[in-house]
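The numbers here are math on the coordinates, done by the rules we state, and not lab data. Treat the numbers as computed from the prediction; the structure is a model and nothing was measured. No Cβ is skipped: glycine too gets one built from the backbone with ideal geometry, and neighbour counts run over all protein chains shown.
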Amino acid sequence: MKKKLVIFDLDGTLLDTLTDLAASTNHALRTLGYPQHPLDPYRHFVGNGIDKLFERALPAEARTPDNVARMREAFVPHYMEHSHDATAPYAGIASLLAGLAEAGVMTAVASNKFHAGALAVVDEYFHDAGFAAVIGLRDGHQPKPDAGIVHDIMSICRTPSAADVLYAGDTPVDIQTARNAGVPVAAVTWGFRSRAELEAARPDHIVDTPDELLRLALGL
């Protein structure tokens, strides 16, 4: 069945942001005088919002609310300046979004990236994509896997039926978000987590390419 709305995670699903996220987090760690990390551990540091990213990146004995706040102060301006240094859409994403638009399927973004950062990178890389909604992690709102962000997007898009929605993401957090919202979910294997990790989270679908996701959304 063709979907009316596809909701995308952002980091690891539409955009490969890992290098820039790691660089800005390492900048914040360096500013605070803590050890930095190579790129690969950041695959598991990200996914639950930047405060959780900072907690995971900090040494265990330094994971205090004060240090998380200091990390944020150092991270945000650096990331806003450098969020495009190495970031790029994954291969095939432009064609996926164009195909959905041509078929009359609405699209939206639901991200745990801080809201201003989500808006900035979407404007940078997808300014003509025509997303019906772009929502990042907002003050006073719970991060994914809380279902509120999905319900907010469904309300904005006037898509009350879960059967008309497909959620696409690259982490177990995304799979749980969709499950909490009661909507079908497709896990994408080109993002930050392994196929085995995604399979263990039991999504409704696993897709290996954007074209496969397009065909799934169109019911082909």
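Peptides 168-180, 66-78 ordered by packing proxy, namely the average of other Cβ atoms within 10 Å per residue, highest first: 168-180, 66-78.
Annotation: the antiparallel percentage among DSSP beta bridges lying fully within the chain is about 10. Calculate, for residue 2 and residue 199, the FRET efficiency according to 1/(1 + (r/R0)^6) with r their C-beta to C-beta distance and R0 30 Å; round to the nearest 0.05. Efficiency, from the Cβ-Cβ distance: 0.70. For the listed peptides 58-64, 100-106, 153-159, a ranking on the average number of other beta carbons within 10 Å per residue, highest first, reads 153-159, 100-106, 58-64. Only residues of segment 60-96 count here: report those whose backbone N is under 14 Å from the spot 7 Å along Cα→Cβ of residue 139, or say none. Under cut-off, by backbone N: 73.
Within a straight-line Cα-Cα reach of under 26 Å, residue 3 can be paired with the following lysines, leaving aside sequence neighbours fewer than 8 residues apart in one chain: 113, 144. Given their separation in residues at 0.36 nm each and the Cα-Cα distance between them, residue 116 and residue 162 gain 13.8 nm when the chain is fully extended.
Remark: the residue 103-residue 211 segment gains 37.5 nm on full extension, using 0.36 nm per residue and subtracting the alpha carbon distance.
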